[in-house]
Amino acid sequence: MRPSLSKILAHLAAVIGASLGTPWVAWHEAKILSQGTPLDPKLIKWATEKGIQSPETVRVIKSQIIPLPSPMFVRRWLNNKNFPTLNLGGLSLRYGIYLQAKIKDHTNLLKHELIHTRQYQKAGSIWLFLRRYLLQCLTQSYFDCDMEKEARNES
């Protein structure tokens, strides 16, 4: 059976997105690692129990606006695909995590983002994580994709 045009385009978009997004993620991860704060010991213990490697190296920055690497026309397109691009609560960039500053209790959100850190680790690279994540979001929708379900269920 031949793949549909929409699946081919989703694969192409995921490869392009991962290729463009990898240097952006690496740059922001480095920024967070140099400026962020470490996890508290309870979260390090929780992360270790969840199989996250080296959680003591994870750093967090609270920000009023969580940056994204896409121009507004891409954000609008992603919003039409039910992929939240505005008012994000958090964003895992492997070992660097952005959290929305206005949220009072970050514990559950941080656990969710740490599961994404584990997914980066399992993928083996930023590019492989992004390709898989973007493909799932494009073909299953953001809220129904396997990686988001895993992060919601385990946090």
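Dividing the Cα radius of gyration of the chain by 2.2 N^0.38 Å, with N the residue count, gives 1.03.
Estimated at 0.36 nm per residue, the fully extended path between GLU49 and MET72 surpasses their Cα-Cα distance by 4.4 nm.
Put in order of Cβ neighbour count within 10 Å, fewest first, the listed residues THR117, THR85 become THR85, THR117.
Taking every alpha-carbon pair under 8 Å whose residues sit at least 6 apart, the chain reaches a relative contact order of 29 percent.
Pairs spanning more than 28 Å between alpha-carbon atoms, out of LYS31/LYS104; LYS45/LYS149; LYS102/LYS122; LYS7/LYS62: LYS102/LYS122; LYS7/LYS62. For the stretch 89-99, 3J(HN,Hα) computed residue by residue from phi via the Karplus equation (6.51, -1.76, 1.60; θ = phi - 60°) reads x, x, 8, 8, 10, 6, 8, x, 10, 8, 10 Hz, glycine and proline entered as x.
Think of it as helices only: each DSSP H run of n ≥ 4 in the chain is worth -39500 (n - 2.57), and spread over all residues that comes to -19000 deg cm²/dmol at 222 nm.
Cα-based values for the stretch 1-80, radius of gyration first and Dmax second, are 17.5, 51 Å. Which one, PRO23, VAL74, PHE129, projects farthest toward the positive side of the charge dipole computed for the chain from Cβ point charges (K/R +1, D/E -1)? In the chain, that residue is VAL74.
Between LEU12 and ILE103, the contour length at 0.36 nm per residue exceeds the Cα-Cα span by 29.2 nm. Counting only DSSP beta bridges with both residues in the stretch 21-155, the antiparallel share comes to about 55 percent. Can you list the trypsin sites (Lys or Arg not before Pro) in the stretch 88-152 that are in a DSSP coil and have 14 or fewer other beta carbons within 10 angstrom? In loop regions of the stretch 88-152 (DSSP not H, G, I, E or B), the sparsely surrounded trypsin sites (Lys or Arg not before Pro) are LYS102, LYS104.
Values quoted throughout were computed directly from the atomic coordinates according to the rules given, and no laboratory measurement underlies them. Model, not experiment: these values are computed from the prediction. Here the Cβ is made from the backbone with ideal geometry for all residues, glycine too, and neighbour counts use every protein chain on show.
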